[in-house]
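What follows is a single structure, written as structure tokens, with notes after it.
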Amino acid sequence: MKAIIMAGGQGTRLRPLTCNIPKPMMPIMGKPVMQYAIELLKNSGITEIGITLQYLPDEVMNYFGDGKELGVNLRYFIEEAPLGTAGSVKSAESFLDDTFIVISGDALTDIDLSRAIAFHKQNNSITTLVLKEVPVPLEYGVVVTDKDGRITGFLEKPSWGEVFSDKVNTGIYIMEPEVFTYYEKNQKFDFSNDLFPILLNNKRDMFGYISEGYWCDIGNIEQYVNCHFDILKGIVKVNIKGEKYKDGIWVGENCEISPEASIVPPVYIGANTKIYSNAEIGPYSVLGRNNILSSGTTIKRSILFNNCYIGSNVEVRGSVICNKVQIESKAGVFEESAIGDETLIGERTVIKPGVRIWPNKIIESSTTVKSNIIWGGKFSKSLFGKNGISGEVNVDITSEVVSKLGSAHGSLLKSGAKVAISCSDNGAAQMFKYSLATGLLSMGIEVYDLKRMTTAMTRQAVVFFGVSGGIHVVIDKEDPQKVNILFFDSNGLDIDKVTERKIENSFIREDYRRIKTDAFKKIIHLSDCIEYYSRQILNRIDVSKVRDEKFKIVVGTRNPMLKGVIEKVLKEIGVSIKFYGEPKDIVGLSKTVIECGANMGAYISDEGEEGIFIDEKGNIIKDEVYEALKALVLLKTTKIKVLAAPVTASANVEEIAKMCGAKFVRTKTSQKNILDAYLKNEKQLNKRDIVNGYLMTLDALSILLLTLNLMASSNLALSTIMSRVPRYYAKKQEIVCPWNLKGKVMRNLIEESFSNSIDLIEGVKLNFDDAWALILPDSDEPLCRVYTESKDSEVVQNLSAFLAKRIESITGIIGTESEKQA
């Protein structure tokens with residue numbers, strides 16, 4: 001049997017560690033990580049091994065040669081350009097003439113391959129994926145299997161709403177050469193995204209073998225460090241290079257360790273390393289070859305590569321130090337820092353936690369380094385949350401950080417692209433807006449300054465001016481010390497997860513292009529944006545009909561700028577308006593509508609996106625009922641003949657679509673997915689009309705005007721219109737679910753299959769005769785959101801209680817965070 005090792009990875013998320021070496025050559029306990037894969041194959045009786053290379057191939061070939069020193073025969077297959085996982089293996093097709101195994105060169109594992117091979121042959125599978133159950137599967141390919149292990153579906157790097165299992169793809173495959181007949185040579189082709197779906201569609205048997213051994217993909221610095229710790233703990237069964245000096249201490253050849261030095265296990269010390277008196281090493285420290293550690297130095301929970309010099313009385317805590325780094329006396333390098341090759345850190349310098357320094361830098365003496373050198377940012381987790389990028393003003397989010405965010409975003413766009421920026425009516429927001437402009441301009445981006453607007457206005461302005469995207473800065477009125485920075489695509493919608501990750505990666509690495517002075521663009525200051533917005537929404541209604549009705553309404557909003565726009569627009573169409581002094585007091589607003597004899601009332605949120613309406617009888621229209629009204633006015637007042645709704649939407653919107661003769665489509669919850677569904681299914685309108693129609697549903701003032709327009713054109717009161725909206729009972733729960741159990745919860749709910757049918761559009765939707773329920777893992781918090789709906793309130797209560805108990809029984813945690821009922 002033969003094997004192929006995929007070793008073309010650049011390891012961009014591991015930078016600065018991988019700036020000068022390919023990812024498979026990353027050292028772990030004195031050996032490149034790929035050597036562990038070769039040893040595992042050899043121990044499984046596989047000695048004919050091919051290796052696919054692309055990034056810095058000479059580094060790999062020079063080290064391993066023909067493989068004879070390791071007792072194997074190696075052949076190399078070099079890609080001129082990245083061809084994807086399957087594409088790279090295809091280049092070795094002539095070598096792989098029988099059943100073969102594919103393994104990654106940048107993962108550490110001790111999985112029993114012989115058992116996986118036996119499983120493959122037993123099931124006559126064309127391809128067997130070696131799977132591993134992991135607590136948090138977001139960064140891996142999730143695989144769904146039936147009870148016999150037959151694969152039924154998979155998804156690369158899912159969001160929490162797409163986590164249908166906790167079984168992930170390890171990148172270890174056992175394959176038959178027949179797979180090569182499904183794609184061409186020199187074609188960019190991926191196993192998970194391209195080949196496996198083709199095999200499933202052709203109903204070829206693919207199986208998943210659930211392994212019990214250790215497996216860790218060293219995809220980022222944290223995972224890389226943890227691999228070392230797991231070896232030191234004895235969790236991984238691998239051959240450690242060096243002699244076991246005593247329990248928990250391994251020492252290479254020709255080391256000099258002073259008797260006065262303190263070595264606290266577990267520790268690994270590479271060959272030719274010299275440790276002077278009063279130095280303290282460990283616990284959980286790994287030293288490579290040829291390192292010198294001077295007197296009084298302490299190294300704890302850290303990794304040193306090779307040929308480093310550490311001066312006297314240096315402190316290194318929880319850090320990774322690359323090759324040929326020199327740290328002079330009394331310096332300190334602290335938690336989660338990474339220092340690139342051939343960097344000099346001067347005396348008494350302090351490297352603060354989380355800092356990354358790229359290779360070949362000189363840090364002068366007595367410097368305190370608080371942020372990455374060139375490569376910006378101190379964030380270790382995702383920058384983006386539910387409301388864009390959020391943080392405390394001048395603490396988490398500073399003008400320097402925001403400028404780098406502008407550069408990170410701009411670096412993803414072509415030089416000369418146009419980006420609109422805006423902010424809420426606040427001085428801090430304005431400061432951050434111009435910090436964004438600085439970063440964007442440095443990337444050769446032309447900046448359109450929309451000045452002060454709401455989120456809803458900015459979305460529409462992005463489309464109106466035809467720019468590549470927009471960024472809006474908001475200071476939270478509930479918490480004036482908190483800022484939210486929202487990023488929009490060219491359609492005025494929240495950027496998708498892929499773009500968020502690209503911005504985060506660019507921000508962390510600061511791999512920005514540099515431009516010459518003749519490529520710099522200007523800031524174009526636009527002064528009539530609110531007027532353009534007002535004209536746009538007024539052009540969507542029959543002004544004369546609305547004016548003839550002489551409507552009277554009561555409005556509540558806290559935003560003075562938005563209040564001025566509402567007053568101007570409503571006066572222009574002859575609507576009498578009264579502003580309610582306590583905007584968030586919805587009950588009081590309802591009473592005022594009745595007392596004033598108004599036709600309706602409306603609360604509009606600070607940023608103009610959320611709304612709560614009141615009919616003339618004081619009935620409150622919010623949540624699912626408000627969403628139903630939005631669907632109704634969209635279909636009744638525009639030419640759109642499709643209604644796209646997220647999986648979380650009430651069944652009443654589907655009935656409204658039928659009432660209006662529109663096609664109904666369910667989709668994922670992101671704005672991009674919803675718009676894509678409209679664009680795919682609405683054949684009669686052009687893209688701009690469809691985009692503007694959807695943006696209208698994200699703007700409460702637009703919905704208010706269209707509701708007045710519907711009332712005028714139908715000559716019906718709002719309560720009469722709403723009486724035609726089907727009534728459903730709904731409940732929403734937030735149930736505590738640790739990150740490491742979300743995949744298990746979703747897998748159990750799918751496998752139990754106690755509903756009539758299951759939809760896996762996003763989350764797990766269980767369909768029953770008289771109800772439905774959706775279980776959706778939250779992407780930002782350790783909880784699952786459970787939505788239930790039925791025309792029978794008792795059914796909703798019983799189903800909600802049953803699912804809560806079921807999830808709690810899986811997690812072992814009792815307690816519901818919160819409940820919301822409609």
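The values are calculated or read from the model by the stated rules, or taken from the named source; none is laboratory data. In this text, all values refer to a predicted model and were calculated from it rather than measured experimentally. Note that each Cβ is placed from the backbone with ideal geometry, even for glycine, and that neighbours are counted across all protein chains shown. Ligands, DNA and RNA are stripped out before the accessible areas are found, and what is left, the full protein with its side chains, is counted by its heavy atoms. Shrake-Rupley method; radii C 1.70, N 1.55, O 1.52, S 1.80 Å.
Of note:
- Subtracting the Cα-Cα distance of Glu335 and Asp769 from their residue separation scaled by 0.36 nm leaves 150.8 nm.
- Using C-alpha pairs below 8 Å separated by at least 6 residues, the relative contact order for segment 1-126 is 37 percent.
- Using the Cβ-Cβ distance between Gln122 and Ala81 with R0 set to 51 Å, the FRET efficiency works out to roughly 0.85.
- Shape call, segment 523-647: gyration tensor on alpha carbons, a/c limit 1.5: rounded
- Note on segment 278-434: semi-axes of the ellipsoid equivalent to its C-alpha gyration tensor, largest first and rounded to whole Å, are 37, 16, 14.
- The slack in the chain from Lys687 to Glu734, taken as 0.36 nm per residue of separation less the alpha-carbon distance, amounts to 13.2 nm.
- Separation between Cα centres of segment 193-243 and segment 476-512, rounded to whole Å: 32
- By accessible area with a 1.4 Å probe, ligands and nucleic acids excluded, highest first: order of Cys255, Cys322: Cys255, Cys322
- Shape of the chain, Cα gyration tensor, a/c cut at 1.5: prolate
- As a calculated quantity, the FRET efficiency between Ser527 and Arg501 at R0 = 41 Å, using C-beta atoms, amounts to about 0.70.
- Fraction of antiparallel bridges per DSSP, the chain only, in percent to nearest 5: 45
- Each peptide in 457-465, 68-76, 326-334 gets a packing score, the mean of other Cβ atoms within 10 Å over its residues, and the list from highest to lowest is 457-465, 326-334, 68-76.
- Rounded to the nearest 10 degrees, the inclination of helix 399-410 to the longest alpha-carbon principal axis of the chain is 90 degrees.
- Segment 618-674-segment 800-814 distance, computed between alpha-carbon centres (Å): 31
- Structure-based [θ]222 nm, the chain - -39500 (n - 2.57) summed over DSSP H runs of at least 4, per residue, nearest 500: -9000 deg cm²/dmol
- For the chain, the relative contact order comes to 8 percent (Cα pairs under 8 Å, sequence separation of at least 6).
- In order through segment 569-576: 3J(HN,Hα) via Karplus (6.51 cos²θ - 1.76 cosθ + 1.60), integer Hz, x for Gly, Pro: 5, 5, 5, 5, 9, x, 9, 7
- Across segment 203-220, rounded Karplus estimates of 3J(HN,Hα) from the backbone phi angles (6.51 cos²θ - 1.76 cosθ + 1.60, θ = phi - 60°) give 6, 7, 5, 10, 10, x, 9, 7, 8, 10, x, 7, 8, 8, 7, 7, x, 9 Hz, Gly and Pro being marked x.
- Percentage relative contact order, segment 160-298, counting C-alpha pairs under 8 Å, at least six apart: 13
- Cα centroid of segment 279-331 to Cα centroid of segment 736-795, whole Å: 50
- Label positions at Ser366 and Glu260, each projected 7 Å from the Cα along the C-beta direction, are separated by 2.9 nm.
- Accessible surface, the chain, averaged per residue in Å² (probe 1.4 Å): 41
- Using a Förster distance of 60 Å, the FRET efficiency for Gln223-Ile594 (Cβ separation, nearest 0.05): 0.50
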